[in-house]
1. Condition (residue is over 18 Å from Ala56 (Cβ atoms), at pLDDT 95 or above and polar (S, T, N, Q)) applied to the range 172-179: is it met by at least one residue?
2. Out of everything in the range 244-282 that is of a type in the set (Asp, Glu) and touching a helix residue (DSSP H, G or I) at 6+ places or on another chain (Cβ under 7 Å), what residue ends up being farthest from Gly149 (Cα to Cα)?
3. Could you please let me know if Asp11 is under 22 Å from Thr183 (Cβ atoms) and of a type in the set (D, E, K, R)?
4. Name the residues in the range 67-102 that are aromatic (Phe, Trp, Tyr) and within 22 Å of Ala21 (Cβ to Cβ), would you?
5. Of everything in the range 85-95, what is crowded, with 19+ Cβ neighbours inside 10 Å and either assigned to a loop (DSSP other than H, G, I, E, B) or of a type in the set (D, E, K, R) (or both)? Give them in sequence order.
6. Test Leu200 against the criterion of being over 16 Å from Arg292 (Cα atoms) and more than 16 Å from the chain's Cα centre (by Cα), and give yes or no.
7. Within the range 55-79, how many residues are within 17 Å of Ala106 (Cα to Cα), among the small types (Gly, Ala, Ser) and part of a helix (DSSP H, G or I)?
8. Say whether the condition of being assigned to a strand (DSSP E or B) and free of Cβ contacts under 8 Å to residues at least 60 places away in the same chain is met by at least one residue in the range 209-229.
Amino acid sequence: CDIAEQRMGADLRAVPLSVEASPATATADRLAVLAERGTTRLSLGVQSFVDSEARAAVRPQRRADVEAALGRIRDAAIPVLNIDLIYGIDGQTEETWLHSLDAALAWRPEELYLYPLYVRPLTGLDRHRPDSGRDPAWDEQRLRLYRSGRDHLLAQGYVQQSMRMFRRADAPPQGADDYACQTDGMIGLGCGARSYTSALHYSFDYAVGMHEIRGIIDDYVATTDFSRAAVGYRIDPREARRRHLLQSLLQADGLDTADYRARFGSLPADDFAAELDALAHQGWLADPTGARLRLTPEGLAHSDAIGPRLFSPAVRAAMAAYERK
């Protein structure tokens, strides 16, 4: 908070301030500091309220600890509580998935994020499940759980904002107007945080090995100059169009084509005809010629496939080169 205010000149009480936490780190003293400094949203990585599933997802936390952390967050009176849950965990069934959702709903969180289990290369989960991500049956199971969770939250009065994000219909907005990363940008502070500005998309380094992770954390803690990006990608005008399309299209409200024209001087159909035609042909784009480009419900369900389709060749090449390192 001091870095944001004293070095970057931010008024933390005038901007949305969201903080990520785990049950172990959501301690009363830290929550008091965050509330005092103007935090508007606290996101808690619960993943599952079933202890065996939490262990299977390499989140070794007990439900009792999760419930205690949620109680502390509510006591701190931070306006928006978000709970992250994961579907697709080994041993998870539709019954246990809905059990976790109902346990979360008991706290009436303003937001819920539903994440599919991701298996990143070289991680412990990757070693235990080397064929995941290439197994159609596993992907279909995740889709079934996603649809079940989506329908359950909609029935409970939540509004779908994206594939992952569901907001309680009466939840307060984050500030005077809701934040949107594609138009407002975002500065992420903390090791691993990602930032979006008009000209840069940057983060801190990433690793999976404990030795490398400790080195990245040590480097971050020793950082004094936060005015430069060490790992990032410079956004040229063409990439700015592409990023705006991707970030907008993956929201349930979609992309306002008139706003796109005002911003870039062209229409999405002019700039990305082939990509949009392919999505429409697959039934994932509702009305490719309309005033607002929106994904269909099934398109939203396949957001994790749509996103990479919209990456530029230059970004794909940069990602491949980074992975090889």
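The values are calculated or read from the model by the stated rules, or taken from the named source; none is laboratory data. For clarity, every value in this text was computed on a predicted model and none was experimentally measured. In this analysis, Cβ positions are derived from the backbone assuming ideal geometry, glycine residues included, and neighbour counts consider all displayed protein chains.
1. We begin by selecting, within the range 172-179, every residue over 18 Å from Ala56 (Cβ atoms); these are 172-179.
Within this subset, residues satisfying the condition of being at pLDDT 95 or above are none.
No, the conditions are met nowhere in the range 172-179.
2. Asp271
3. yes
4. Tyr87
5. Residues of the range 85-95 that are crowded, with 19+ Cβ neighbours inside 10 Å, as a first pass: 85-89, 92.
The answer is Gly88, Ile89, Gln92.
6. Numbers: over 16 Å from Arg292 (Cα atoms): yes; more than 16 Å from the chain's Cα centre (by Cα): yes.
Answer is yes for this residue.
7. 4
8. Restricting attention to the range 209-229, the residues satisfying the condition of being assigned to a strand (DSSP E or B) are none.
No, because not a single residue in the range 209-229 is assigned to a strand (DSSP E or B) and free of Cβ contacts under 8 Å to residues at least 60 places away in the same chain.
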